[in-house]
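Data first, discussion second: the structure below is written as structure tokens.
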Amino acid sequence: MDTTWKFVKPLKDKSSILLVEKEWGIKLPEIFIELVINYNSGVPENTAFNTEFSTGKSSGELLNFNLDSKDNVLAEYKNIEDKLPPDIFPFAADPGGNYICFDYRMNKENPQIVFWNHEERFIIEGDQIVNPDVENEFDLHIIEPVSNDLEGFLNKLYTIKNDEDNDFEGFELL
């Protein structure tokens with residue numbers, strides 16, 4: 001994985017990684033620990049990825065492991081904890097309020113990578129938009145499989161070609 005990272009906030013204390021693992025009761029993948037140590041809160045140059053159901057999602061920034069920061073990884077998790085199924089933990093946020101997460105439900109040693117969409121499911125009844133009846137709030141949110149592991153996810157990142165520069169071809173700009 002040869003990726004350039006931007007907007008990195010140096011990790012102040014490596015023990016914060018252990019504190020997060022203890023708080024969540026998990027072991028983070030080694031490759032992720034290295035990412036946090038080297039690129040805490042950074043944004044990869046290639047940010048686009050595909051899920052099992054959609055294309056062109058944005059990975060955004062790694063969550064911040066500087067626990068003295070108000071927007072740290074534990075605070076981010078607390079904000080959405082009741083909206084996530086058990087054993088799913090965010091590690092990156094996209095610009096739209098969605099998260100890329102570790103999914104430990106099937107494998108406690110090597111979590112899958114999933115995309116958690118903050119938009120709630122809804123149905124249209126007549127002229128009304130309503131949320132379906134669900135037992136748990138987390139059932140209102142869509143979780144899309146992305147990759148079997150973190151390395152696979154990182155290898156799938158790509159850049160979406162921006163054609164904005166060509167939008168005015170043939171026109172005179174005044």
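The values are calculated or read from the model by the stated rules, or taken from the named source; none is laboratory data. The shown structure was predicted, so the numbers you read here are calculated from the model rather than taken from an experiment. Neighbour counts are summed over all protein chains in view; Cβ atoms, including those assigned to glycine, are modelled from backbone coordinates with ideal geometry.
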Notebook entry, point to check: Which one is modelled with the lowest pLDDT, of the residues in segment 42-69 that are buried (at least 16 other Cβ atoms within 10 Å of the Cβ) and among the aromatic types (Phe, Trp, Tyr)?
Noted result: 49
Next item on the list: Name every residue in segment 59-115 that is in a helix (DSSP H, G or I), more than 24 Å from residue 155 (Cβ to Cβ) and not polar (S, T, N, Q), in order of residue number.
Entry: 74, 75, 76, 77, 78, 80, 81, 82, 83
Next item on the list: Give segment 70-96 a look and list any residue that's surrounded by fewer than 18 Cβ atoms within 10 Å (Cβ to Cβ), touching a residue at least 40 places away in the same chain (Cβ under 8 Å), closer than 24 Å to residue 13 by Cβ and out of contact with any Leu (no Cβ under 7 Å at 6 or more places or on another chain), or say none.
Entry: none
Notebook entry, point to check: Any residue in segment 23-41 that is surrounded by fewer than 19 Cβ atoms within 10 Å (Cβ to Cβ) and modelled with pLDDT under 95?
Noted result: no
Checklist line | All positions within segment 32-58 that are within 19 Å of residue 90 (Cβ to Cβ) and assigned to a helix (DSSP H, G or I) | finding: 32, 33, 34, 35, 36, 37, 39
Notebook entry, point to check: Can we say residue 169 is in a strand (DSSP E or B) and at pLDDT below 90?
Noted result: no
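Quick one: count up the residues across segment 36-53 that are of a type in the set (A, V, I, L, M, F, W, C) and without any contact (Cβ under 8 Å) to a residue 60 or more places away in the chain.
We begin by selecting, within segment 36-53, every residue of a type in the set (A, V, I, L, M, F, W, C); these are 36-37, 43, 48-49, 53.
Going one step further and asking which of them are without any contact (Cβ under 8 Å) to a residue 60 or more places away in the chain, we end up with 36-37, 43.
Total meeting the criteria: 3.
Filter segment 1-22 down to residues that are among the basic types (Lys, Arg) and surrounded by 12 or more Cβ atoms within 10 Å (Cβ to Cβ) and give me whichever is farthest from residue 152 (Cα to Cα).
We begin by selecting, within segment 1-22, every residue among the basic types (Lys, Arg); these are 6, 9, 12, 14, 22.
Retained after the next criterion (residues that are surrounded by 12 or more Cβ atoms within 10 Å (Cβ to Cβ)): 9, 12.
On the way: 9: 24, 12: 28 Å.
Here the residue is 12.
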